[in-house]
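Just below is one structure, and these are the notes that go with it.
The values are calculated or read from the model by the stated rules, or taken from the named source; none is laboratory data. From a predicted model like this one, the values you see are computed outputs, not experimental measurements. In this analysis, Cβ positions are derived from the backbone assuming ideal geometry, glycine residues included, and neighbour counts consider all displayed protein chains. The area values use the complete protein model at the heavy-atom level, side chains included, leaving out ligands, DNA and RNA. Shrake-Rupley method; radii C 1.70, N 1.55, O 1.52, S 1.80 Å.
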Amino acid sequence: MTPTSGGAAALPERVHVLVVGAGFGGIAAAVRLSQAGHDLRVLEKADDVGGTWRDNSYPGAGCDVQSHLYSFSFAMNPDWTRSFSLQPEIHAYLHDVVRRFDVGRFIRCGVEVLGARWDDARSVWAVTTSAGDVLADVLVNASGPLSEPRLPDGVTTDTFTGTVMHTARWDSSLDLTGRRVAVVGTGASAIQLVPQVAKVAASVTVMQRTPAWVIPRNQHRIPAWRRALYRRVPAVQKGVRGAIYAGRELMVLGFVGRPALMRTVELLSRRTMEKAISDPHLRAVLTPRYRAGCKRILISDDFYPALARPNVEVVPQAVTRLEGDEVVGAGGTRRTADVVVFATGFEATDLPVARHVVGRAGRSLADVWSGTGMQALRGATVTGFPNLFFLIGPNTGLGHSSMVHVIESQLAYLLDALDLMRRKGFDVMEPQQRAQDAWNADVQERLSMTIWATGGCSSWYQDAQGRISTLWPGTTWRLRRQTRRVDLGEYRTARRADGAAPAPAPSAQPAAQPAAEQAVATQGGR
Amino acid sequence: MRLPHDFVPPVPRTRTTVASADGTRIAVEVHGPDGAPTVVLGHGWTCSAGFWGRVLHRLGDEVRAVVYDQRGHGRSEHVPRGACTTDALVEDLEAVLLATVPDGERAVVGGHSMGAMALVALAGERPAVLRDKVCAALLASTGVGRLVDEARVVPHPGPLRAVAKAMTQRGMSDARLLTMLPRWGRRVAVSHITLSPAADRHERAYCTDVVLACPPHTRAGFARMLAGLDLGNHLKALDVPALVLCGTQDRLTPPRHSHRITAALPQSLGLVELSGIGHMTPVQSPDAVADAVRRLVRDHHVTAATVTA
Ligand SMILES: Cc1cc2nc3c(=O)[nH]c(=O)nc-3n(C[C@H](O)[C@H](O)[C@H](O)COP(=O)(O)OP(=O)(O)OC[C@H]3O[C@@H](n4cnc5c(N)ncnc54)[C@H](O)[C@@H]3O)c2cc1C
């Protein structure tokens with residue numbers, strides 16, 4: 001793997017914008033904010049940048065949105081070797097972006113943000129980190145919606161004699177050749193992992209709580225001549241990116257507008273399954289009983305063929321516990337295993353940072369959200385938490401397209417806010433309760449008609465109360481339009497009480513960028 | 001089409017493989033609690049262990065059910081056509097019985113169609129295994145010979161008998177014929193052959209898929225074996241209480257087979273005739289099949305304790 005490109009930035013006493021996390025979100029923030037001349041630091045708790053794409057290094061890990069689209073508009077990569085890149089290539093891409101835009105000097109790895117408290121008297125965020133305290137005028141949470149591994153509730157593992165792993169904490173030194181492996185889960189990670197494990201393991205037991213609708217990925221290699229073309233004529237790659245984007249936006253029709261359209265997906269999924277699996281009993285076990293789209297629609301070319309292998313068994317039961325050398329299913333079924341891999345996803349609705357961010361009234365985000373579920377204005381700002389911005393905030397997740405597009409939309413919103421602060425001379429901005437409530441009422445009303453609410457399933461899109469606080473109910477285009485500019489009518493703004501000087505001007509001027517990259521428009525459109 | 005829940009077989013408590021005499025690996029599933037009476041069930045031509053699913057759901061935890069995939073079927077090892085013989089089926093069943101029926105216990109052993117033929121053949125060729133491992137038998141929808149002659153798959157108005165017979169034999173053993181048909185054609189063909197008109201759409205769809213899941217060369221290999229089958233002499237060796245069961249609309253093994261078998265068995269418990277039902281009795285009449293199993297367990301099962309007492 002490429003050496004860490006970010007990491008050495010010193011931790012000042014005070015910074016204008018402090019960004020938590022150096023995944024796609026934090027890196028994009030470093031690029032765009034430094035280009036706009038803002039003083040910033042990015043703190044990353046791990047010793048490398050990359051977030052999702054540093055952590056998810058299990059065999060087969062890759063993205064489910066075509067790489068042409070799942071990458072920054074301001075840093076297109078003509079060199080993708082596959083239509084859907086695998087983790088090492090995406091991780092390398094992020095390193096490359098850090099290098100190309102020379103933002104390593106703003107990123108400090110190995111520093112964890114432990115807590116942040118809004119100091120109303122001084123109008124700053126007092127941030128506690130593992131490397132000391134920092135004051136920040138603006139706090140940006142880019143700590144990732146899917147970064148904290150989740151284990152299924154109530155599953156006890158302490159008496160298990162074998163090895164237990166989570167897909168997002170993969171131990172690459174572990175050789176699965178000839179081992180008996182149990183994979184818990186049949187979600188997005190599991191379907192990438194299982195085909196790879198099945199090739200080498202003696203046996204694979206797939207513990208399935210709920211089956212998924214799976215359609216072909218149509219993974220293909222991008223031939224060298226195409227890559228050369230993209231390199232020479234970037235407009236061609238832009239065109240491809242635009243076409244992929246448009247095609248994916250059409251899928252929103254099915255998710256949001258007409259759930260009945262999802263029958264087409266189901267038909268395609270059934271055909272795919274029938275082609276790969278002849279055994280009707282296995283097919284029946286794998287056929288979901290909810291409308292496609294309600295849970296994430298998965299894409300794979302090799303999952304069903306892997307399940308048809310003689311060394312693979314699907315046990316349609318949730319796991320209750322690991323005991324001795326066995327995995328015990330909800331029906332009492334036992335299967336022996338040397339290694340158990342939890343491909344059980346992440347704490348999507350219970351963000352760890354929320355517990356450590358304390359707002360104006362002395363209450364933590366988690367506390368404020370405990371009754372209402374995660375709520376923000378335009379997925380970005382939260383009443384009671386001045387100058388706090390989210391990248392991938394509440395209700396900005398997607399079932400159909402690239403999260404990088406969302407990150408760039410939210411960055412445009414943040415940049416506009418920072419720009420307004422600078423131009424209009426205020427230091428504090430906080431969304432008004434009424435604006436936040438109206439926004440959420442609208443989002444929830446639109447959500448109520450979507451497949452996620454009506455499809456007859458439960459999913460990680462929903463919080464403990466069954467409220468969907470993760471997904472955006474519409475096109476990404478609509479989200480972009482609604483977050484293009486900050487509407488100050490939705491905010492309460494103020495000057496810093498003591499009139500104290502704001503954070504110093506950028507300590508390091510952004511280095512000159514290659515002309516082509518600098519020319520990319522702020523909106524990151526196509 | 002979404003099949004009703006009970007078509008999805010219950011999750012086996014354990015899965016193992018046992019090696020048959022020639023080394024072929026036979027996939028075995030065990031359902032139900034240890035300590036409950038053991039019941040071993042053998043499926044028929046072109047089916048698989050999951051074929052017993054509807055019956056297993058009904059038996060629940062009452063019995064410890066052992067179901068296995070015949071060689072070449074389901075998860076068992078695939079074999080060349082030449083290895084599809086009655087002797088091989090006997091060896092497979094023998095290996096399963098020796099591996100899964102606890103010492104001292106004698107199990108109720110049931111077979112559907114070819115699975116029952118394997119049991120009859122085992123009685124003739126492995127009397128010691130029958131004596132040590134089998135307490136009672138269920139012979140469902142089966143025959144012991146003259147299978148092509150008596151099948152009513154192709155209607156045969158008098159003079160065309162020979163033609164009908166040739167067509168039956170050809171249709172059964174041709175590896176590709178079925179797969180060459182369009183989807184609906186397969187369903188019509190399989191339903192006509194294996195089910196009665198009373199079958200519902202789920203049963204039709206399910207049986208079509210089951211039959212098509214069988215590898216064509218396995219289907220062809222065993223078709224040849226079935227065409228030449230003659231186990232008439234072995235029936236008298238099946239000297240355990242035995243219940244016979246068949247559907248009145250069975251075209252593959254019409255009821256006259258079952259009548260003859262019932263008459264020839266040394267310890268016959270009689271014949272259960274299911275009116276209006278076709279060949280796939282465990283699918284079309286799972287309640288009746290489960291009841292038959294229960295009856296045999298209740299009246300004849302021999303636990304280890306009973307033996308030592
Ligand atoms: C296996 C997998 C596949 C995916 N595939 C796709 C896809 O195909 N398309 C798509 O659009 N999305 C995909 N996603 C979603 C993906 O998470 C987002 O697209 C995107 O990577 C999120 O970037 P991020 O920067 O917001 O968060 P992350 O990449 O999670 O980065 C957050 C960073 O913050 C750090 N951090 C967290 N807490 C702290 C703290 N307290 N102090 C300091 N640092 C902290 C973390 O260490 C991490 O490095 C996938 C996710 C997974 C897990």
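Computed quantities for the displayed model
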{"item": "Per-pair calculated FRET efficiency, R0 = 30 Å: A:ARG100 and A:TRP225 via Cβ, rounded to 0.05", "result": "0.80"}
{"item": "Using θ = phi - 60° and Karplus 6.51 cos²θ - 1.76 cosθ + 1.60, couplings along segment B:205-216 (whole Hz; Gly, Pro as x)", "result": "4, 5, 5, 4, 5, 4, 5, 6, 6, 6, x, x"}
{"item": "Cysteines, chain A, no other Cys beta-carbon under 4.7 Å", "result": "A:CYS63, A:CYS109"}
{"item": "Potential lengthening between A:LEU488 and A:LEU261 on full extension [0.36 nm per residue; Cα-Cα distance subtracted]", "result": "77.8 nm"}
{"item": "Packing-based ranking, highest mean first, of A:242-249, A:424-431 given that Cβ atoms within 10 Å are counted", "result": "A:424-431, A:242-249"}
{"item": "Peptide B:3-16 - average C-beta neighbours from other chains (10 Å radius)", "result": "4"}
{"item": "Protection proxy ranking of A:343-353, A:263-273 - average other beta-carbon atoms within 10 Å, highest first", "result": "A:343-353, A:263-273"}
{"item": "At R0 = 22 Å, FRET efficiency that the Cβ-Cβ distance of A:ASP416 and A:GLU445 yields, to 0.05", "result": "0.25"}
{"item": "Crossing angle, helix B:286-300 versus chain B [Cα axis fit, 0-90 degrees, rounded to tens]", "result": "30 degrees"}
{"item": "Rounded to 10°, Cα long-axis angle of helix A:24-35 versus longest principal axis of chain A", "result": "20 degrees"}
{"item": "In Å, descending, principal axis extents of the Cα set of segment B:5-308", "result": "60, 37, 37"}
{"item": "222 nm mean residue ellipticity, helices alone, for chain A (DSSP H n ≥ 4; -39,500 (n - 2.57); rounded to 500)", "result": "-9000 deg cm²/dmol"}
{"item": "Net charge of neighbours whose Cβ lies under 11 Å from the Cβ of A:ILE277, counting Lys and Arg as +1 and Asp and Glu as -1", "result": "+1"}
{"item": "Estimated inter-spin distance, B:THR16 and B:ARG131, nm [label 7 Å along Cα→Cβ]", "result": "2.5 nm"}
{"item": "Long-range HN-HN contacts of A:LEU471 with modeled amide H, under 5 Å", "result": "A:ASN395, A:GLY397"}
{"item": "Residue-wise HN-Hα coupling along segment A:156-170, computed from phi with Karplus coefficients 6.51, -1.76, 1.60 (Hz; x: Gly, Pro)", "result": "9, 10, 5, 8, 6, 8, x, 9, 10, 9, 10, 4, 7, 10, 7"}
{"item": "Only Lys, Arg (+1) and Asp, Glu (-1) charged, at Cβ; the protein assembly as shown dipole about Cα centre in debye", "result": "2720 debye"}
{"item": "Cα gyration tensor category, rounded, prolate or oblate, for segment A:42-126 with a/c compared to 1.5", "result": "prolate"}
{"item": "Residue-normalised accessible area of chain A, expressed per residue, 1.4 Å probe, Å²", "result": "39 Å²"}
{"item": "Built amide H within the under 5 Å cut-off of A:VAL19, gap 5+", "result": "A:ARG41, A:VAL42, A:LEU43, A:VAL140"}
{"item": "Cross-link partners of B:LYS165 among aspartates and glutamates (Cα-Cα below 20 Å; sequence separation of 8 or more within a chain)", "result": "B:ASP149, B:GLU150, B:ASP174, B:ASP230, B:ASP250"}
{"item": "For segment A:158-190 versus segment A:410-456, the gap between their alpha-carbon centres in whole angstrom", "result": "39 Å"}
{"item": "Cα long-axis angle, helix A:87-100 against chain A (0 to 90 degrees, to the nearest 10)", "result": "20 degrees"}
{"item": "Shape category assigned to segment B:254-309 from the gyration tensor of Cα positions, a/c cut at 1.5", "result": "oblate"}
{"item": "Distance from segment A:299-356 to segment B:276-293 (C-alpha centre basis), Å", "result": "36 Å"}
{"item": "A:ASP158 paired with B:LYS236, simple spin-label distance in nm, labels 7 Å along Cα-to-beta-carbon", "result": "6.8 nm"}
{"item": "Over segment B:101-214, volume per residue of the alpha carbon convex hull, in Å³", "result": "149 Å³"}
{"item": "For peptides B:288-301, A:197-210, A:162-175, sequence by mean Cβ density within 10 Å, most packed first", "result": "A:197-210, B:288-301, A:162-175"}
{"item": "Peptide A:327-340, shielding by other chains (average Cβ, 10 Å cutoff)", "result": "2"}
{"item": "Heavy atoms of A:LYS45: accessible area, 1.4 Å probe, square angstrom to 10", "result": "110 Å²"}
{"item": "Portion, in percent, of the accessible area of segment B:1-118 that falls on carbon or sulfur, probe 1.4 Å", "result": "49 percent"}
{"item": "R0 of 45 Å, Cβ-Cβ distance A:THR210-A:ALA361: FRET efficiency to nearest 0.05", "result": "0.70"}
{"item": "For B:GLY276, distant residues with modelled amide H under 5 Å away", "result": "B:THR248, B:GLN249"}
{"item": "Accessible area in square angstrom per residue, segment B:5-308, 1.4 angstrom probe", "result": "38 Å²"}
{"item": "Shape parameters for the protein assembly as shown, alpha-carbon atoms, Rg then Dmax in Å", "result": "33.0, 112"}
